[in-house]
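In what follows, a single structure is set out as structure tokens and then discussed.
The values are calculated or read from the model by the stated rules, or taken from the named source; none is laboratory data. Since we're looking at a predicted model, the values are computed, not measured. Cβ placement follows ideal geometry from the backbone for every residue including glycine, while neighbour counts extend to all protein chains displayed. Please note that ligands, DNA and RNA were not included when accessible areas were found on the heavy atoms of the full protein model with its side chains. Shrake-Rupley method; radii C 1.70, N 1.55, O 1.52, S 1.80 Å.
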Amino acid sequence: MVYLGGVTTAFCNYIQTIGQRGVSAERASIIYALDPVWGAGFASVLLGEQLGGWQGYLGAALITGAAIAVNVLDLAPGNNGYSSSRSGSDTDIALEEENVMNVTE
């Protein structure tokens, strides 16, 4: 139980926070939305497991397709079709960066 709580939860969240320093929130959300696909891929490679039937492949295709569509089409509400890695005023961005630094220190 100590291993599961310490390594798989606390340590992984700490590493995730460090890794997200240089990644925009939009890109991080796409990466984390693909979590089921990553899990199935690693289970296939490391454990030799296979997706069960056409439903598994369809689900993986839908998740991957949605992540690609959000990234390519950038259909975020209020975006008006213009792609931007960050939105908001300079003050909002500065406060967001300060909050991230406080969390990781």
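Structure summary
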quantity: Residues within the range 1-24 that are in a helix (DSSP H, G or I), of a type in the set (A, V, I, L, M) and within 18 Å of the chain's Cα centre (by Cα), tallied; calculated: 3
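Conditions (1) open to solvent by 70 Å² or more (accessible area, probe 1.4 Å); (2) in contact (Cβ under 8 Å) with a residue 40 or more places away in the chain; (3) among the charged types (D, E, K, R), marked per residue:
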{"site": "VAL7", "(1), (2), (3)": "no, no, no"}
{"site": "GLU26", "(1), (2), (3)": "yes, yes, yes"}
{"site": "ILE30", "(1), (2), (3)": "no, yes, no"}
{"site": "GLY48", "(1), (2), (3)": "no, no, no"}
